[in-house]
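What follows draws every value from the coordinates through simple rules; no lab data is involved. Just so it is clear, the structure is predicted and the values come from calculations on it, not from any experiment. For neighbour counting, all protein chains shown are included, and Cβ atoms are generated from backbone atoms with ideal geometry for every residue, glycine included.
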Amino acid sequence: MTTPTAALSAAGVSIWLDDLSRTRIHSGNLAELIASRDVVGVTTNPTIFANSITNPDDTSYDAQVAELAARGATAEEAITEATTQDVRDALDVFRPVWERTGHVDGRVSIEVSPDLAHDTDGTIAQAKELWAKVDRPNLLVKIPATKAGLPAITAAIAAGISVNVTLIFSLERYAEVIDAYLAGLEQAKAAGIDLSTIHSVASFFVSRVDTETDKRLAAIGTDEATALKSKAGLANARLAYELYEKTFAGERAAALLAAGANRQRPLWASTGVKDPALPDTLYVTELVAADVVNTMPEKTLEATFDHGVVTGDTITGTYDASREVFAGLAAVGIDFADVTQVLEDEGVAKFIDSWHDLLRQVREGLEAQR
């Protein structure tokens, strides 16, 4: 019998898991999710690694931390060693998926340091370091879609590095992300790099948009505002898909695709619902279309497997209705540009906080071993 996750995959959605740990890899759980839940990729971020490495019930990092302490490693060096090992091992688990999907899926992401979110040159340098250190063709290096991140995306793509662009909240920034990707491909082509080897996804955040917008709608409190609750995230993502379709059907992209380039697929991120009144699978079943990735926390993945209903494309044809949502938001006084800027600033800040917390705990762990 076809499962909901198999049906979702058949509809054109690549299911990626928004979580990774050493225990998940070595226990066989990751392989089981690939086999039984149609998972074809993994995304990571500093918060995920902080939760994994500092989990008091997870002893899988203890031996490595002791060895690194004996070598005199700094906290930064220890984190790099631990996370790149985990990502490398996960990439090896996904290697058959990478081969089976023609190198489209079977991907695992690793993020540059959040401290570099506003440092273009530092991001470029670290992206190259991570690409070389992990040394797997199915890696994606995660770069945030900050203003400083945009030229770093272009430089990384131009160097032949596959990139997951993260923390995209607005259509305007998404257009700049696509432009940065195409510019990188043009430079790579001029340098004689095989464009078919370069892959990218653009991570467009969904539930956080509803969380921030709904808070503002509740403060307004009118019937018109209340009627718009929990609609902004889906509308925003659907219009992002329209932008993806239009841009990659254009002449600039067509010339690169003809030279062997790949489209930069939209990736739906932050797809776990934050409002308990909403269906667990809202940001899955309402964002189905060809050539997209949906990266899910395990709770959302299991809810999708258990009772997600996939009836085909739920994006195409919704564009006019989505624009009406934004007209309604503007009419009740929502400044959506401010919403998305606040979300970007908060997203960067949260990852920086997680990163610094991880640094502190790893530093303490190293000192305890010395």
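Structure notes:
- Dipole-positive endmost among PRO56, LEU130, VAL348 within segment 4-369 (Cβ charges, Cα centre): LEU130
- For segment 257-272, 3J(HN,Hα) per residue [Karplus equation, 6.51 cos²θ - 1.76 cosθ + 1.60, θ = phi - 60°, Hz, x = Gly/Pro]: 4, 5, 8, x, 6, 9, 5, 8, 6, x, 10, 7, 10, 6, 9, x
- Using alpha-carbon coordinates, inclination of helix 207-220 to the longest axis of the chain, degrees: 50
- Within segment 249-263, backbone nitrogen closer than 17 Å to the virtual label 7 Å beyond the Cα of SER196 toward Cβ: 255-263
- The stretch between ASP58 and ARG323, if pulled fully straight at 0.36 nm per residue, gains 90.7 nm over its current Cα-Cα span.
- If you take all other residues with their beta carbon under 13 Å from the beta carbon of ILE334, and give Lys and Arg +1 and Asp and Glu -1, the sum is -2.
- Between helix 149-158 and the chain: long-axis angle, C-alpha atoms, 0 to 90°, nearest 10: 70
- 20 Å Cα-Cα threshold exceeded, pairs from LYS142/LYS350; LYS142/LYS274; LYS231/LYS274; LYS142/LYS189; LYS229/LYS299; LYS215/LYS299: LYS142/LYS274; LYS142/LYS189; LYS229/LYS299; LYS215/LYS299
- Looking at segment 29-104, the trypsin sites (Lys or Arg not before Pro) that sit in a DSSP loop and have at most 11 other Cβ atoms within 10 Å of their own Cβ are ARG71.
- Here the residues LEU185, LEU243, ranked from fewest to most Cβ neighbours within 10 Å of their Cβ, fall in the order LEU243, LEU185.
- Amide H contacts of THR166 (H built 1.01 Å from N, in plane; Pro and chain starts excluded): ILE143, ALA145, SER203 sit under 5 Å, all sequence-distant by 5 or more or on other chains.
- Cleavage-rule hits (trypsin sites (Lys or Arg not before Pro)) in segment 231-333: DSSP loop, at most 10 neighbouring Cβ within 10 angstrom: none
- THR226, THR23, THR5, THR166 arranged by Cβ crowding within 10 Å, fewest neighbours leading: THR226, THR23, THR5, THR166
- GLN187-LYS299 FRET efficiency (beta carbon distance; Förster radius 56 Å; 0.05 resolution): 0.85
- Whole-Å distance, taken between Cα centres, linking segment 225-300 and segment 56-132: 26
- Long-range HN-HN contacts of VAL39 with modeled amide H, under 5 Å: ILE34
- Angle of helix 75-100 to the longest C-alpha principal axis of the chain, folded into 0 to 90 degrees and rounded to 10: 60°.
- Annotation for ALA227 and ALA125: the two label points, set 7 Å from Cα along the Cα-Cβ direction, are 5.5 nm apart.
- By the count of neighbouring beta-carbon atoms within 10 Å, fewest first, VAL87, VAL348 end up ordered VAL348, VAL87.
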